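Reading through the structure tokens given below for one structure.
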Amino acid sequence: MTSSDTQSTPSQTAAAMKPSPARTTHLLSALTSINSRIAHTTTTHSIRKPIRLVAVSKLKPLTDIIALASPPAVNNPEDRRPHLHFGENYVQELLEKSRLLPSDLQGKIRWHFIGGLQSNKAQTLAREVRGLWAVESVDSVKKANLLDKGRGERIDSCTSKDQEGGGGGGGGSGGTEEDGQLNVFVQVNTSGEESKSGVEPKSPELLELCRHIRDQCQHLRLRGLMTIGAIARSQATTAETENEDFQCLKDTRDWVARELGLGEGQQLELSMGMSEDFEAAIRMGSDEVRVGSTIFGQRPPKAEARVLPDKDDEGNK
Ligand SMILES: *Cc1c(COP(=O)(O)O)cnc(C)c1O
């Protein structure tokens, strides 16, 4: 991911941004398969709430996102709805992707930042990414404050642009995502692994952070809790033994809700479940699953990832 990618001329960019028909067909069918597995799980377990699917596109080219978000009719004979929620792990990559999106998708994609967040990038993330819908990896008061500040700056700059442009023209049908609060999930380290970030479950620190976001961060909305969990535990999950990480996040969420005195309409969501374990997560009450490799395939090493595909490897992905 070099920042020179962002300096491509518009014509190069437009040509480079057409997903190949073969890749588009492949991605649409992978997405359909995940959606049916989600539907099957909810039906089987009488779960009535909608489950949000975040397609985790980190280290994958922008063309993959375009293929799912605006599939050409010819690849989409069943007229599936565009997929709009995408997850990214790296601030620089997300900045480039959000800037390079074709204009018909600008403001439509709902980006989820799900990666390890460094304080020094939090404010930029919230201020610069158009369509940033949620940051799911919040684990400190300091980062929450910086996101809040960045979101405030974004709202200010959008408002002043509106005024310059004579107000209210195209874009928003009464309140775009941009004017509103940024959704945040507090990341909880349910597995206690040192390699994982996140706040300790049911800790005073977690409670203080949740309370701080709710009471002190006017541009943030405390949407829920997120966990990644240990791979070993998801592999050990069977129909009889529930995944301990998912159980822990659920208990922690109920505890936070009680301690903060949250009412019916303020319920906190659970963001848990990835390629290997999203069905188990849904059974445990997940509201949102984040699925990457089962849709997009194996990811390249970070050093080899490209936002726009190289000219000479067209079509062989
Ligand atoms: C990469 C990633 C995912 C997706 O993982 P897959 O196993 O590829 O589905 C989900 N959540 C987070 C936080 C991630 O970093």
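Residues being in contact with a Leu (Cβ under 8 Å, 6 or more places away or on another chain) and either free of Cβ contacts under 8 Å to residues at least 60 places away in the same chain or closer than 16 Å to THR227 by Cβ (or both): count how many of those fall in segment 134-151.
Of the residues in that region, 7 qualify.
When segment 248-306 is examined, which residues are found to be of a type in the set (A, V, I, L, M) and over 21 Å from the mean Cα position of the chain (by Cα)?
Within segment 248-306, VAL256, ALA257, LEU260, LEU262, ALA303 qualify.
Go through (1) within 14 Å of the ligand (Cβ to nearest atom); (2) without any contact (Cβ under 8 Å) to a residue 60 or more places away in the chain; (3) in a loop (DSSP other than H, G, I, E, B); (4) of a type in the set (Ser, Thr, Tyr) one by one and return the number of the condition SER234 breaks.
Going through the list (1) within 14 Å of the ligand (Cβ to nearest atom); (2) without any contact (Cβ under 8 Å) to a residue 60 or more places away in the chain; (3) in a loop (DSSP other than H, G, I, E, B); (4) of a type in the set (Ser, Thr, Tyr), SER234 breaks only (3).
Any residue in segment 205-231 that is within 16 Å of the ligand (Cβ to nearest atom) sitting within a Cβ distance under 9 Å of a residue that is among the hydroxyl-bearing types (Ser, Thr, Tyr) and not in a loop (DSSP other than H, G, I, E, B)? List the pairs, counting only those 6 or more apart or interchain.
Listed pairs, sorted by first residue: ARG223/SER271; GLY224/SER271; LEU225/THR252; LEU225/SER271; MET226/SER137; MET226/SER271; THR227/THR252; THR227/SER271.
Output the number of residues of segment 119-134 satisfying the condition of being of a type outside the set (S, T, N, Q) and assigned to a helix (DSSP H, G or I).
Summing the residues that are of a type outside the set (S, T, N, Q) and assigned to a helix (DSSP H, G or I) in segment 119-134 gives 6.
Filter segment 69-118 down to the residues that are assigned to a helix (DSSP H, G or I), within 16 Å of the ligand (Cβ to nearest atom) and within 20 Å of THR24 (Cβ to Cβ) and list them by number.
LYS97
Does any residue of segment 152-175 turn out to be modelled with pLDDT of 95 or more, in a helix (DSSP H, G or I) and farther than 28 Å from ALA305 by Cβ?
yes
Out of everything in segment 99-116 that is within 13 Å of the chain's Cα centre (by Cα) and either under 14 Å from ASP139 (Cα atoms) or of a type in the set (Ser, Thr, Tyr) (or both), what residue ends up being surrounded by the most Cβ atoms within 10 Å (Cβ to Cβ)?
Checked segment 99-116; the qualifying residue surrounded by the most Cβ atoms within 10 Å (Cβ to Cβ) is PHE113.
All but one of (1) in a strand (DSSP E or B); (2) away from the ligand (no atom under 15 Å from the Cβ) hold for HIS40; which doesn't?
(1)
Of the numbered conditions (1) buried (at least 23 other Cβ atoms within 10 Å of the Cβ); (2) more than 15 Å from LEU31 (Cβ to Cβ), ALA55 satisfies every one except a single condition; which is it?
Looking at each condition in turn, ALA55 falls short on (2).
Of all residues in segment 300-309, count the ones that are within 13 Å of the ligand (Cβ to nearest atom) and under 17 Å from ALA67 (Cα atoms).
Counting residues in segment 300-309 that are within 13 Å of the ligand (Cβ to nearest atom) and under 17 Å from ALA67 (Cα atoms) gives 0.
The values are calculated or read from the model by the stated rules, or taken from the named source; none is laboratory data. Quick caveat: nothing in here was measured; it's all calculated off a predicted structure. Virtual Cβ from ideal backbone geometry, glycine too; neighbours counted across all protein chains shown.
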